[in-house]
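Structure first, then comments.
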C-alpha cells in the first residue's frame, strides 16, 4: 500500500526529474553533514581537555583552507543551481498541444471545467499520457493547486491567470491540495486528480456530457453582455477591433507598443479596457470589472480563443480519442526541454 | 596570558545598587534593561510554546478533533507572530547583546541609555497591543499577512496585530541604532575593530539589518492597515493594485529578518567555540566579514519566497542564484568553527554542548535550505512541512540553542551565581534529542506533500499520521527539556553557587570585572592590548597549511 511508504507517489513526466534532483541534494547534504559531524566528533574527543590548566597553541588560520572551503561549496552550489533552474524551466514552460482545463478557486472549493463542457468540483478526470494545462483564476484570495504526485504547484493569484501543466504517467487517484493559506477551511480545499486510460476517459467524457463547452457559453455571454454591438455578431469588428483570430496575435496599441494577445491581455481588456487600447480605436468600451464572474470571464476568453481557427493544436472541441500522437507519449515532454 | 587587574568584588553591583520596582522601570543601565528584556522575552516564549503544543496535539490525528479550523488557524498564526516578532528577533540582541556589548568593548553603557530604555517600553507597548489582539479574538492571517486575505477577507483582529508589530519595529530600530553607534564610538582604548569579539561583529551586522530592513515591514503593515480601513487599492487588482507586490515588500524585510534572528546566534557560537576550546577563532576575519556578507546578500534574496507566486521565471532564476550565494558565508563560518576545535582544549561544559548542538542542527538547517534555493525542488516542497522543518532547524535548532548556550555561559556574570551543571547538561541533551524527533519527520512529511497551515489531512495517508505522531512525541520531549532550565535558572538566582568574577578563566573583557558587575561595568576603564580569544601569547602561534605565516594582523 503506497500510503505506508515515506515517499510520495511519482506519477508525472516531470516527477522523476524532480526526484533525481532531490536525491542529488540529499546526497550533497548527507555528505557535508556527515563530514562535519565526523570531524567535530573526532576533534571533540581527540582534543578534550585533559588538564584544567592546559593552554593549546593558537592557530592563525589559513588562506588556503578558507579558499578551499569557499570555492568547493560554491561550485557544488552552482551545479544545483543550474540543474534546479533547468527543471524549473521545464515545469513552467507553457505546454503545447495540451488539453486545457479551466480552474476557478474560491473559498473553499475548486471548480474545473473541461474544454468539452464537463464541470467538476474538487475532482478532475484526466487521461494518462496527455499533457493537461490548467488555466487558473480565483474568485477571492490567493490559492494554489498542488499535486504532490506530479511534483507541481503554482499559486492562483487574484487579478491574473496563472497556469500549470502536467502529463500523468500512471492511472490512479492522486491527492491535490490548496497550498496557499486561504482562510478557515484551507485544509478542506483539496480533492483528487483521477488519471484514466484514454478510452476510459472518453467514456467518462461522454457519460458526463451535458453542459455547454466554455467556448459555447462564452459565445452566449458575448451576445448577452452586448459585445456584439461593437465587436460584431461574428466578431468581425466594428467600433471595436475585430476579434476573429485575435488570440495569440500581436496587437498594436495606441501608444505604439505592441502586446501579444494572450489570456492575460484578453482578461485585462475585458475588465479594464482603457489599460491597453488597440491603435485606431477610441477608449469607448465600458469596464467589466465587477460585472462578470471569474468563470464567465474564462468562458468569454475561451470563446475568443476558439475564434483563432489557425490553432489546430489546441484541442478545443474534443481531445483526439486514444489516437495518442507521438507528442503525447510520456517521454516526449521532458526531452523537449534543452 | 595577559595579566589583568581583577578588582575585588565590589560591595555593590548592578543588581543590589538600588532596590524597588521604580529602580528597575526607570533604569538606564544596559544590564538591567537586558534583564527586563530577558523577563519579557521569556514570557512571550512561554506563550508561543503553548500555541506550539496546541498545534502538535491537534495534528496527532487527521481529523480536527481538538479545535475548530478557525481556532487552529489563529493558533498557528499567533505562534508565528509571537515567536518571530516577540521572541526570536529580540531574543539574543536585546538580552545578551544589550547586556554584553558594552562590557565586551570596555564601555560603561550603550551610547544612548535612555533610547535603550525607550526601546524596551516600545517593545512592551507593542506586546500589550498584540496580546490585546489575541485576547480580543485573535488573528488568523498567518504571520505573513498575505493579501488579499488579510486586507479584505479575514474577520479577525488584523489591524490591532498589525499596529502591534508596526510599533514593535521601532524597538528593533532603536536597538540597532544604539548598537551601531556604541560599537563605532565607545570602544575602550586599544579595542580595534579586529580585536572585537565576534559576538560584537555579528551584532554589528544584525544592527545594520535592523536599521535598514525594519522600516520596510513597518510601511508594509501600515499599507495593509490602510488597505483594510480605507481600501486605498495598492494591493487590490480591481483597483489597479497587485497582491504580489505585498509579498515582495513583506519578504524584503522578512527574509533579512531571518538573519536578524540567526546572526546573533552565530556570534554567540563563535564565542562559545573559541572560549571552550581555549583557542582563538580559526580565520577570525573570515568569520567577521562573513557576518557582513550575510547582512548584505540577505537583502537580495527575498524573491526566493515567490518561486511559485507567479513571479517571472527569470526573476526566479536570479533570486535562486543569489540564494545559493548567501549560503557560502554560512558555510565558511561552519568550517571555521570546526577548524577552531582542531588541537584545542575542549571542555564539555553545558554552553559548549549547546554550541556543538548548534553546529549540528544549523548544518542540517542550512543544507536543507539548498532544497529551497533550488528552483526545481522548491516548486514541490514550498508551502509544505519541508519548509516548516527547515526554518525550525534554523530558528530553534540554531537561534534557540545558541540563546540557551549563551544564557548558560554568561549566567554567572548576569546573576552572580552558577547554574547546576549536571541538570544543565542533561537538559541540553534532552533538548537536542527532542528537537530532532520533532522536526526531522517533518522533512519527510513535507516531501510527501503535506501542506503547511493544514488543520486536517487525508485520513487514508497513514504514513502522514505516523510522522505527525513522532513529531508530537518529540515536541513533548523538547518541551520537557526546555522546562528544566527555566526552573533551575530561576532556582540558581537564589540558591546557586556564588560565581567568581571569571569562572571559566577566560580572557574576554566581560570576565575581567566582578560577577555581577558594578553598575559602571569597570571600575577602571580597561586598556586593551591583545586580540580576542588570546589565551596564549601570539608568538606561540602555529600556522597550518604550507602558507607563509601572515603578519599577525594589524595589532
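No value in this document is a laboratory result; all are computed from the given coordinates. Because the structure is a prediction, the values reported are computed rather than measured. Ideal geometry is used to build each Cβ from the backbone, glycine not excepted, and the neighbour counts take in all protein chains shown.
Please rank B:320, B:463, B:202, A:12, fewest neighbouring Cβ atoms within 10 Å first, as an exposure proxy.
Going from least to most buried by this count: B:463, B:320, A:12, B:202.
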Practice task
Note the angle between two axes, namely the Cα long axis of helix A:198-207 and the longest principal axis of the Cα atoms of chain A, as a number of degrees from 0 to 90, rounded to the nearest 10.
Solution key: 40 degrees
Exercise for the section: May I ask you to derive the relative contact order of the range A:214-306, considering only C-alpha pairs under 8 Å and at least 6 residues apart, and to give it as an integer percent? Expected result: 37 percent
Exercise for the section: With a cut-off of 12 Å, note down the residues of the range B:260-304 whose backbone N falls inside the zone around a label point 7 Å from the Cα of residue B:194 toward its beta carbon. Expected result: B:284-286
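Could you tell me the relative contact order of chain A? Use alpha-carbon pairs under 8 Å, at least six residues apart, and round to a whole percent.
18 percent
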Practice task
Summarise the long-distance tail of P(r) for chain B by giving the % of C-alpha pairs beyond 35 Å.
Solution key: 35 percent
Handout entry: Degrees separating the helix A:63-92 axis from the principal Cα axis of chain A, which is the longest one
Key = 20 degrees
Completion exercise
So, with points 7 Å from each Cα along the Cβ direction, the residue A:31-residue A:208 label distance in nm works out to 4.7 nm
Practice task
Arrange the following residues from fewest to most other Cβ atoms within 10 Å of their Cβ: B:61, B:95.
Solution key: B:61, B:95
Handout entry: Per-residue mean of C-beta atoms belonging to partner chains within 10 Å, peptide A:85-93
Key = 6
Handout entry: Ranked A:64, A:160, B:31, criterion: other C-beta atoms within 10 Å, fewest first
Key = A:64, A:160, B:31
Completion exercise
proj_area_mean for the protein assembly as shown (convex hull on C-alpha atoms), units nm², value 38.6 nm²
Practice task
Restricting things to alpha carbons, find the Rg to Rh ratio for the range A:151-271 using the Kirkwood radius for Rh.
Solution key: 1.06
Handout entry: Of A:34, A:21, A:297, the one that fluctuates the most in a GNM where chain A has Cα springs shorter than 10 Å
Key = A:34
Exercise for the section: Could you work out which residue, out of A:38, A:30, A:302, moves most in a Gaussian network model of chain A, that is, has the largest mean-square fluctuation with Cα springs under 10 Å? Expected result: A:38
Completion exercise
Tilt, helix B:421-448 to longest principal axis of chain B (alpha-carbon atoms), in degrees rounded to tens, equals 30 degrees
Problem - Cα gyration tensor shape of the range A:214-306, rounded if a/c is under 1.5, else prolate or oblate by comparing a/b with b/c - result: rounded
Practice task
Extending each Cα 7 Å along its Cβ direction at residue A:39 and residue A:242, get the distance between those two points in nm, one decimal.
Solution key: 7.1 nm
Practice task
Report the percentage of all Cα-Cα pairs in the range A:93-137 whose separation exceeds 14 Å, rounded to a whole percent.
Solution key: 47 percent
Handout entry: Spread of Cα-to-Cα distances over 10 Å intervals beginning at zero, given as percent, for the range B:160-303
Key = 11, 33, 28, 16, 8, 3, 0
Practice task
Can you work out the PRE-style zone for residue B:540? Point 7 Å along Cα to Cβ, and I want the residues of the range A:33-69 with backbone N under 20 Å.
Solution key: A:44, A:46-62
Handout entry: Label-to-label distance, nm, for residues given as residue B:483 and residue B:462 (7 Å Cα→Cβ offset)
Key = 3.3 nm
Exercise for the section: Just need the relative contact order of the range A:116-187 here, percent rounded to a whole number, with Cα pairs under 8 Å and 6+ apart. Expected result: 35 percent
Problem - Percent of C-alpha pairs per 20 Å bin, chain A, short to long - result: 25, 45, 20, 8, 2
Completion exercise
Distribution output for the range B:174-239: share of Cα-Cα pairs per 5 Å bin in percent, first bin at 0, values 3, 15, 18, 14, 10, 8, 8, 8, 6, 5, 3, 1, 0
Completion exercise
The Cα extents of the range B:9-155 along the principal axes, largest first and rounded to whole Å, are 62, 32, 29
Practice task
For the range A:1-118, just run the numbers: alpha carbon Rg, then divide by 2.2 N^0.38 Å, N being how many residues it has.
Solution key: 1.87
Problem - For chain A, built as a Gaussian network whose Cα springs stay under 10 Å, the top-fluctuating residue of A:31, A:92, A:23 - result: A:31
